[in-house]
Amino acid sequence: MLLSSQKMLFGFLLITGTVLALSSNSWLMAWIGLELNLMSFIPILTSGKDKFSCEAALKYFLIQAIGSALIIFAAPISINSEMFYSTILFALILKLGASPFHFWLPAVMEGLNWIQAIILMTVQKLAPMFLICHIVTNPLISYIMILCAMLSAMIGSVGGLNQTSLRKMLAFSSLNHIGWMLTALTISESSWLIYFLFYCVVSVSICLLFNFQQTFFLPQLFMNKNLNPYTNLVNSFSLLSLGGLPPFTGFIPKWVMIESMTMAKMFIPALILIASSLITLYFYLRMAVSYLLLISFKTKLSLNFTPNASSLSPMFISVNLFMLLVPSIFILV
């Protein structure tokens, strides 16, 4: 079953743990929320009943357990000291999967299906980033966060260049976006929220598209002869939107962030983030152009309707193109 009672139960507990961590007024309650979120996500990871999902669940559990241990380790330290804030920050960055503690993210992503990858890329990032908002007021923490953000953006862009696995490619792309979101946290919470919402929309649309096609590796996109030209077009548009190419949806949060960093006079981080996004956009653009050139158009119309990704092509096109009119909306407002 796609939605069994077991999955619904653990999904509800996962959301409950996230909400508990977001609404907590103490680090103890935040830690309890993170632990409830972790213990609910592990059964979801192992629902695949194969060696790859079990291996990914074990890796994820060990890494998250280390992060939780660091939070407990920070408890005896004075809450107003920089040592306390630094320990909490490193624990949350480890749970988040940002550099220099990014090593587990591609390995875990490789063993997941697309629905599990959606949860890991979106919901599981919400609580650690929201908790980082509470400690970003410290100047030392802001400096460390900017360094981690620039490192995440560079590693995420370079790491995805030689990947043929779509899940690892999206993992490194997520690492690049984490760099943008960490930078947004140092500026304002509203900038981070805008970027996170747009990132979730684009990432979910791409993962659902690949899930409908049951595509996990790059050669499968080129060798699949059963896809019609509309699906091929949606694949290309979705990848370009994730890379942040204007005028697709993925460009809007980066546009907002570039303006915010310019107003905050963060020119060096802005330069590094833009350069990393150009590298990310390069391998997405190379893949999309090759994909469009190698597709073969069918000469006959198939009368047999099957509910695959091609039937949902208008929805995915609208998701990645509906922000074309956003500048006009801003002008009207």
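The values are calculated or read from the model by the stated rules, or taken from the named source; none is laboratory data. All values derive from a computational prediction rather than experimental measurement. Backbone-built Cβ (ideal geometry, glycine too); neighbour counts: all protein chains shown. Each accessible area value is taken on the protein alone, full model and side chains, heavy atoms only, with ligands, DNA and RNA left out. Shrake-Rupley method; radii C 1.70, N 1.55, O 1.52, S 1.80 Å.
Points worth noting:
- Where region 104-158 is the region considered: accessible area per residue in Å², 1.4 Å probe: 30 Å²
- Scaling against 2.2 N^0.38 Å puts the C-alpha radius of gyration of region 25-89 at 1.35.
- Peptide ranges 117-127, 57-67, 265-275 listed from the most packed, as the mean C-beta count within 10 angstrom indicates: 117-127, 57-67, 265-275
- When the solvent-accessible area of region 39-177 is split by element, carbon and sulfur atoms take up 73 percent of it, the probe being 1.4 Å.
- Hits among aspartates and glutamates - C-alpha to C-alpha of K59 under 19 Å, sequence gap 8 or more where chains match: E35, D50, E110
- Computed over protein heavy atoms with a 1.4 Å probe, the accessible surface of region 27-84 works out to 54 Å² per residue.
- Entries of K7/K51; K125/K265; K168/K265 with Cα pairs more than 22 Å apart: K125/K265; K168/K265
- Note on exposure: R167, R286 ranked by accessible area (1.4 Å probe, complete protein assembly) read R286, R167, with the most exposed listed first.
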